[in-house]
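Working notes for the structure below.
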Amino acid sequence: MSVKQISVFLENRPGALCELTGVLAENAIDMRAFSLAEASDFGIARIIVDDVYKTTTVLRDKGFVHSVTPVLAAALSDTPGGLNEILQCLSAEGINVEYMYAFLGNTPGKAYMVFRVNDPAAGTAALCRHGIEPLEELNVE
């Protein structure tokens, strides 16, 4: 069980990110989570959307270079140490976190994170063994 993340490669120039979000808006694609990383010549927009198939089709048709990657998503306690609890669980089972980012939810006392790990299936199993329920999609209320 994992969430599908779309990584979109963008030129590092004014307007490139706006072009991406414009295409998503024009096609009524709802972003559930978003992260942007940059290098000197390009950026990587990492997005989780409401409809992966529609989004990848639209991106391909508009000429955006992209890939789809499985990631873990989980709700954690929005208290000091909440993130550390999940990281300890993954670390104890030899799961490497390559990167992570947060996204919004509406449940009081909960924070939400996306994790790119070296082995998504093992990461999911590790969370479950430690009583942490991975999210299958990012429709959090």
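The values are calculated or read from the model by the stated rules, or taken from the named source; none is laboratory data. Because the structure is predicted, anything quoted here is derived from the model rather than measured. Every residue, glycine among them, receives a Cβ derived from its backbone with ideal geometry; neighbour counts consider all protein chains shown.
For region 1-29, which residues satisfy the criterion of being assigned to a loop (DSSP other than H, G, I, E, B) and farther than 30 Å from ALA122 by Cβ?
Scanning region 1-29 gives ASN12, ARG13, PRO14, GLY15, ASN27, ALA28, ILE29.
Please go through region 45-62 and pick out each residue that is in a helix (DSSP H, G or I) and out of contact with any strand residue (DSSP E or B) (no Cβ under 7 Å at 6 or more places or on another chain). Matches in region 45-62: TYR53, LYS54, THR57, VAL58, ARG60, ASP61.
Just so you know, in region 109-129 the residues that are touching a Leu at 6+ places or on another chain (Cβ under 9 Å) and not in a helix (DSSP H, G or I) include one that is nearest to ASP51 (Cα to Cα), and it is VAL114. Residue count for region 75-87 satisfying the condition of being crowded, with 17+ Cβ neighbours inside 10 Å and either in contact with a Gly (Cβ under 9 Å, 6 or more places away or on another chain) or aromatic (Phe, Trp, Tyr) (or both): 2.
Quick one: is VAL65 in the same structural domain as ALA25 (by TED's automatic domain parsing), out of contact with any strand residue (DSSP E or B) (no Cβ under 9 Å at 6 or more places or on another chain) and aliphatic (A, V, I, L, M)? Here the answer is no, as VAL65 does not meet what is asked. What are the pairs, 6+ residues apart or on separate chains, where a residue within region 100-112 that is closer than 11 Å to ALA33 by Cα has its Cβ under 6 Å from a residue that is part of a loop (DSSP other than H, G, I, E, B)? Partner pairs satisfying both residue conditions: GLY105/VAL140; TYR112/GLY105.
Of the residues making up region 88-130, those that are modelled with pLDDT under 85 and loosely packed, with under 13 Cβ neighbours inside 10 Å are LEU104, ASN106, THR107, PRO108, GLY109.
Scanning region 22-45 for residues that are of a type outside the set (A, V, I, L, M) and modelled with pLDDT under 95 yields ASP30, ARG32, PHE34, SER35, GLU38, SER40, ASP41, PHE42, GLY43. Restricting attention to region 65-98, the residues that are under 13 Å from the mean Cα position of the chain (by Cα), more than 13 Å from PRO134 (Cβ to Cβ) and in contact (Cβ under 8 Å) with a residue 60 or more places away in the chain total 3.
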